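Written below as structure tokens is the structure these notes are about.
The values are calculated or read from the model by the stated rules, or taken from the named source; none is laboratory data. The model shown is predicted, which means the values in this text are computed figures rather than measured ones. Every residue, glycine among them, receives a Cβ derived from its backbone with ideal geometry; neighbour counts consider all protein chains shown.
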Amino acid sequence: MTFTSFEFLLFFPAVVILYNLCPKNLRVWYLLAVSYVFYALMQPVYLLLLVAVTGVTYGFTHWMGKTEDEKKKGRIMVVGIIFVLLPLFFFKYFGFINDVFFSCLRLIGINCTVPAIHWMLPVGISFYTFMAIGYLIDVNNEEVDIETNIGAVGLFLSFFPYILSGPIERAGNMFPQLKKMPTSQPLDLSSGAKLMLWGYFMKLCVADRLGIYVDAVFNNIPQHNGTTLAIATLLYPIQVYGDLGGYSLIAIGAARCMGIKIVPNFNRPFFATSMSELWRRWHMSLINWLTDYIYTPLSFALRSWKVWGIVCALMLTFLISGIWHGAALTFIVWGFVQGVYLSIEALTQKRRSALESKYNLTQKWFYLLICCLVVYLLFAFSQIFGRCVTLSDAWLVITKICSDRGPVFIDRATFAYGGLMVVVLFIKDFLSEYHTDFLFGFNSKHIVLRYTTYILVLFLILLFGVLDSSQFIYFQF
Amino acid sequence: MACVVAIDYLAGLFCNKIHEDAYRNSPESFFYENLLYNVRSDILIIGSSTASHHYDPLAIEDSLHLSVFNAGQDGVFFIIQNSIVNMVLDRYTPKVIIWEIGETSLSTRYDTFAHGHNEYQSLKTLFPFYETDLYAFNTVNGKDAYQKYRMMSQSYVNNSLLLANLRAIINKESIENKGYVPLDTLGYEYPSICCDEFDDPINIYKIDALNETIRRCDSLGVRLVLSSSPRLYDDKVLSSQGYMVLKRIATENDIPFVEYYSLFSDKPEYFKDVDHMNERGTRHYMHYFIPSLKQSVN
């Protein structure tokens, strides 16, 4: 069952109704049961793994709670993190490291083989692993109280709206809410439904529509010329935004229907005027996690290196981000490229700020537009490594874009419907970004206009959305 | 909710009206509607993209002096093909049906999206016939338990059709080459032979469906010819379960199985990709296929 399946449209309202009928003191256990059922319907065996990670997290946080000695507490935390990371390592990275290690041995003439182990990746493992690690660190740093209710810990790690593809939540945000387990208010239901509706629009009308074209091109790279590959490269970031951004909105909206507020994940990223701003608007839950638990401690430890310390911290943080996205060299290169972009910005920050101040550039619309376009192009280029399966494919795409011109491969339906939906998306984002006082559509004061917007978006989804089965791009993270 | 239902109904009326006008203006813009309502050729070619790109009706017509139509379409797999064959038989009886069929046709390979395609990915082709044709009705509802509820929404039924309808209203289109779609011969790198193995289990329901269709063709006096056109795969495909089952079915039912799977395995220049011959390859294939077809139908 995925968010876009018919079963979810039946499942979710029933869950919300029963949640509100359930006594408050049982709601944690009710939602935990629902979340486990939701997970088990996809991968029943790996539910045991999720339960095990929950048990380990709960056990180690309590062990830390009973320890007075700070150093011992830190050691317990490290051991706990290692235990939590072990399943992620074995399921996601073991095969990759195995292949790389034995390839290196073969390069120096040592030929040996190990039977390949093909694990099916547990859905959501990257997400709940990071949440568990974040909780362990927060307990060690005394930023959150230790949760005594194992059901709440289980629910924190397995909550069905975000278990599959995030956002990556924090203990500090979730546990207080799980203690209250509020009843759904009319505002919660309407806000949640609106978020879900827009999320479905982004996913079905934008992401899946563009995905038809992008997949057709990137799955047949040798068959397409550079011009077509360039178009697909430019469309891919919008596809990912629609996919992950749409999914996140559905997750946030679903939780909101139950009165639970989850952290936002995207904030109109294509209006960023610098790469660092893009990364404050794109996959925010992941970046905030990496910033709090990787980048900040690293940059503090390397503070004596001044700006080069920042550069090193950035490079390492984004290399880890790349590795988190996937066990492949392409993702490592993707992370490296992001790190390079941000490092260059860090190194040139003073000069840029001075130039912007001197000519008052940040008030000029053409400067902001050029910055947005440059940022988009740089991001789209880096996403070639995120989209291609191998480095040789990525290199082929880049060389073809630079040298192989030709007629564009056109799919009329994708360009027409996809183009129209992208325009709708950008108009909405533009109004939200620059005209926050313009209450239109979903936020209109006039009830007729609001309901007209809801119905219009619903029919855009039904008439133009891709309603056949497909998967979210981030499904196997 | 009532408002949504009402608007959905009105949207459906509007879309249906547009479609009627579009079909009246340009029936050949709607391939399967045109096939089922207008085509009455002596020989019908059914299949997916391999059928569409590998069989030249004009070459077959020249030789057999019978009218031919190529009803192959990209992305249409066995379940939909089987439904189309039966829907054709409901309307008229061609003399010969050439059914392009392969090693994955009866397997479970495309029962899910695990390999990038799915049996039901072209289900929309049957939507125009859902309310009038039992085969279409059963096939559409066979997708999953909820499909019949989705079909209650007029907006869902008309999903992604607006552009095609508007184009058909503005521009009258015609089907070229009697449905045959030749692929370019030049301008790309020719593929290398593929060593993929197709070891997916067999779907027994598909075997039953094929047997039933074979019996129906026999009872109506339609000569059914199963055909496997050239591909650029390693020979081990020929010993795959899927391929062996096809041969067995053809033998048991005494119907011809014209096999040329490995005919051009040493000629990559005849292929656009490992599954599809280009125009040059098709032209050469017709030199082999047509005599075999003549033999099969006589």
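For the range A:59-92, how many residues meet the condition of being within 26 Å of the chain's Cα centre (by Cα) and without any contact (Cβ under 8 Å) to a residue 60 or more places away in the chain?
Looking only at that region, the number is 13.
Does A:SER276 satisfy the condition of being in contact (Cβ under 8 Å) with a residue 60 or more places away in the chain, closer than 26 Å to A:CYS388 by Cβ and surrounded by fewer than 19 Cβ atoms within 10 Å (Cβ to Cβ)?
Criteria met by A:SER276.
If a residue has to be assigned to a loop (DSSP other than H, G, I, E, B) and more than 9 Å from every other protein chain (Cβ to nearest Cβ) to count, how many in the range B:108-128 make the cut?
The total comes to 9.
Filter the range B:37-49 down to the residues that are assigned to a helix (DSSP H, G or I) and either at pLDDT 95 or above or aromatic (Phe, Trp, Tyr) (or both) and list them by number.
Residue satisfying the conditions is B:TYR37 alone.
Quick check, is A:GLY95 in a helix (DSSP H, G or I), at pLDDT 90 or above and either surrounded by 12 or more Cβ atoms within 10 Å (Cβ to Cβ) or over 29 Å from the mean Cα position of the chain (by Cα) (or both)?
Against the criterion (in a helix (DSSP H, G or I), at pLDDT 90 or above and either surrounded by 12 or more Cβ atoms within 10 Å (Cβ to Cβ) or over 29 Å from the mean Cα position of the chain (by Cα) (or both)), A:GLY95 does not qualify.
Which number in (1) assigned to a helix (DSSP H, G or I); (2) more than 9 Å from chain A (Cβ to nearest Cβ); (3) over 18 Å from the mean Cα position of the chain (by Cα) marks the one condition that B:LEU89 misses?
For B:LEU89, the exception is condition (3).
Quick test of your reading of the structure: A:LEU234 fulfils all but one of (1) modelled with pLDDT of 95 or more; (2) surrounded by 23 or more Cβ atoms within 10 Å (Cβ to Cβ); (3) in a helix (DSSP H, G or I). Name the failing condition by number.
(2)
B:SER228: of a type in the set (Gly, Ala, Ser), under 18 Å from B:ILE97 (Cβ atoms) and away from every other protein chain (no Cβ under 14 Å), yes or no?
The answer is yes for B:SER228.
Name the pairs: first residue in the range A:223-242 and in the same structural domain as A:VAL397 (by TED's automatic domain parsing) and under 30 Å from B:THR185 (Cβ atoms), second residue part of a helix (DSSP H, G or I) and among the basic types (Lys, Arg), Cβ to Cβ under 7 Å, at least 6 apart or on different chains?
These pairs meet every condition: A:ASN225/A:LYS400; A:GLY226/A:LYS400; A:LEU229/A:LYS400.
Report yes if some residue within the range B:63-76 is away from chain A (no Cβ under 14 Å), touching a residue at least 24 places away in the same chain (Cβ under 8 Å) and assigned to a helix (DSSP H, G or I); otherwise report no.
yes
Tell me which helices (runs of 4 or more DSSP H) are completely within the range A:308-420 and hold 3 or more residues being exposed (fewer than 13 other Cβ atoms within 10 Å of the Cβ) and either on the phi > 0 side of the Ramachandran plot or free of Cβ contacts under 8 Å to residues at least 40 places away in the same chain (or both), or say none if there are none.
A:329-359, A:365-387
If A:GLN43 meets every condition in (1) crowded, with 19+ Cβ neighbours inside 10 Å; (2) under 30 Å from B:TYR146 (Cα atoms); (3) polar (S, T, N, Q) apart from one, which number is that one?
(1)
When you scan the range A:296-306, do you find a residue that is on the phi > 0 side of the Ramachandran plot, surrounded by fewer than 23 Cβ atoms within 10 Å (Cβ to Cβ), among the basic types (Lys, Arg) and in contact with a Ser or Thr (Cβ under 9 Å, 6 or more places away or on another chain), even just one?
no
Pull up the range B:124-176, narrow it to residues that are within 23 Å of the chain's Cα centre (by Cα), more than 28 Å from B:ASN70 (Cβ to Cβ) and of a type in the set (S, T, N, Q), then point me to the one that is modelled with the lowest pLDDT.
B:GLN147
Does the range A:448-459 contain at least one residue that is more than 14 Å from chain B (Cβ to nearest Cβ), modelled with pLDDT of 75 or more and either surrounded by 14 or more Cβ atoms within 10 Å (Cβ to Cβ) or assigned to a loop (DSSP other than H, G, I, E, B) (or both)?
yes
Please count how many residues of the range B:214-268 are in contact with a Pro (Cβ under 7 Å, 6 or more places away or on another chain) and of a type in the set (Phe, Trp, Tyr).
Number satisfying all stated conditions: 3.
Looking at the range B:139-179 only, could you name the residues that are farther than 24 Å from B:GLU119 by Cβ and away from chain A (no Cβ under 14 Å)?
If the condition is that a residue be farther than 24 Å from B:GLU119 by Cβ and away from chain A (no Cβ under 14 Å), then B:ILE169, B:LYS172, B:SER174, B:ILE175, B:GLU176, B:ASN177, B:LYS178 are the ones that fit.
Are any residues in the range B:24-42 without any contact (Cβ under 8 Å) to a residue 12 or more places away in the chain and crowded, with 18+ Cβ neighbours inside 10 Å, and if so, which ones?
B:PRO27
Only one of (1) surrounded by 17 or more Cβ atoms within 10 Å (Cβ to Cβ); (2) among the polar types (S, T, N, Q); (3) away from chain A (no Cβ under 14 Å) fails for B:ASN278. Which number is that?
If we test B:ASN278 against (1) surrounded by 17 or more Cβ atoms within 10 Å (Cβ to Cβ); (2) among the polar types (S, T, N, Q); (3) away from chain A (no Cβ under 14 Å), just (3) comes out false.
So, of the residues in the range B:188-220 that are hydroxyl-bearing (Ser, Thr, Tyr) and surrounded by fewer than 17 Cβ atoms within 10 Å (Cβ to Cβ), which turns out to be nearest to the chain's Cα centre (by Cα)?
B:TYR205
Listed residues A:LEU197, A:LEU157, A:LEU189, A:LEU204; which is in a helix (DSSP H, G or I), among the hydrophobic types (A, V, I, L, M, F, W, C) and under 30 Å from A:ALA394 (Cβ atoms)?
From the options A:LEU197, A:LEU157, A:LEU189, A:LEU204, the qualifying one is A:LEU204.
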